[in-house]
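Just dropping this structure here.
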Amino acid sequence: MPISLELKAVLTGMNTSYFGLEMLNVDAKVEITGVPFGGGGELLPNLLGGHVDLGFLSVSPIKSHVAAGKIRILAVLSTARLPDHPQVPTTHEKGYSRTVISTGIGLLGPKGLSPVIIKRWEDVTEAMMRDSTMVSTLQRLDYAIDFKKGEDFKKSMMSDLVNFKEIIAKAGIKK
């Protein structure tokens with residue numbers, strides 16, 4: 001019999017919180033029911049006040065509350081631990097390898113873009129991602145840096161897409 005919980009989370013439309021919930025339901029074989037909130041600004045005071053059991057939120061907006069011991073991060077939906085919170089396990093480490101949401105930001109171009117232009121942009125972005133000021137700024141904002149060049153980034157995106165399609169089908173998510 002699956003575990004049944006009620007989760008109060010930001011669940012307006014198809015967003016990261018909603019999809020994270022559905023991924024965890026499928027991956028962990030649990031039935032957590034999502035209760036919609038209008039946004040993280042509405043969820044956070046309810047979480048702090050103990051009016052909700054748990055929620056899916058980005059780390060940056062809750063950093064001060066975590067530091068003050070008011071909120072505990074149970075896990076990050078990732079394959080890598082957060083540099084500022086190395087004690088927090090990942091869902092991947094906990095055995096939920098499909099409950100991973102990469103919020104990677106990619107530099108994309110139109111189909112048929114010249115290989116010379118692609119190479120130039122790859123070189124520029126790779127150099128930028130090695131810049132110590134850029135790295136420290138991104139880390140301060142809780143971004144995990146995992147630079148990938150074009151083809152590797154595409155492979156990663158396509159792998160995520162396959163996983164997402166399977167989760168959508170198993171969760172019964174409709175358009």
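Determine if region 1-19 includes at least one residue that is at pLDDT below 80, exposed (fewer than 14 other Cβ atoms within 10 Å of the Cβ), farther than 29 Å from R140 by Cβ and of a type in the set (D, E).
yes
Can you spot a residue in region 38-54 that is surrounded by 15 or more Cβ atoms within 10 Å (Cβ to Cβ) and among the polar types (S, T, N, Q)?
The answer is no, given that none of the residues of region 38-54 is surrounded by 15 or more Cβ atoms within 10 Å (Cβ to Cβ) and among the polar types (S, T, N, Q).
If you go through region 126-156, how many residues are of a type in the set (D, E) and either surrounded by 13 or more Cβ atoms within 10 Å (Cβ to Cβ) or part of a loop (DSSP other than H, G, I, E, B) (or both)?
Of the residues in that region, 3 qualify.
Evaluate the following for K111: is it farther than 23 Å from D146 by Cα, out of contact with any Leu (no Cβ under 8 Å at 6 or more places or on another chain) and either of a type in the set (D, E, K, R) or not in a helix (DSSP H, G or I) (or both)?
The answer is yes for K111.
Sticking with this one: Within region 91-111, is even one residue more than 28 Å from I168 (Cα to Cα) and assigned by TED's automatic domain parsing to the domain that holds I32?
no
Oh, and also: Suppose the filter is hydrophobic (A, V, I, L, M, F, W, C), assigned by TED's automatic domain parsing to the domain that holds Y18 and over 30 Å from S64 (Cβ atoms); does V124 pass it? Even if it seems obvious, please write down each step before you answer.
Working: hydrophobic (A, V, I, L, M, F, W, C): yes; assigned by TED's automatic domain parsing to the domain that holds Y18: no; over 30 Å from S64 (Cβ atoms): yes.
No: the conditions fail for V124.
Could I ask something else about it? Which condition from (1) closer than 18 Å to Y143 by Cβ; (2) in contact (Cβ under 8 Å) with a residue 24 or more places away in the chain; (3) more than 12 Å from the chain's Cα centre (by Cα) is the one that V88 breaks?
(2)
While we're looking at this one, here's another question. In region 41-74, what residues are in contact (Cβ under 8 Å) with a residue 40 or more places away in the chain and part of a helix (DSSP H, G or I)?
Hits for region 41-74 are S60, K63.
Here is a list of conditions, (1) in contact with a helix residue (DSSP H, G or I) (Cβ under 8 Å, 6 or more places away or on another chain); (2) more than 19 Å from S17 (Cβ to Cβ); (3) acidic (D, E), and D142 meets all of them except one; can you say which number that is?
Status for D142: all satisfied but (2).
The values are calculated or read from the model by the stated rules, or taken from the named source; none is laboratory data. All values reported here derive from a predicted model rather than from experimental measurement. All Cβ positions, even for glycine, are placed from backbone atoms using ideal geometry, and neighbour counts span all protein chains on display.
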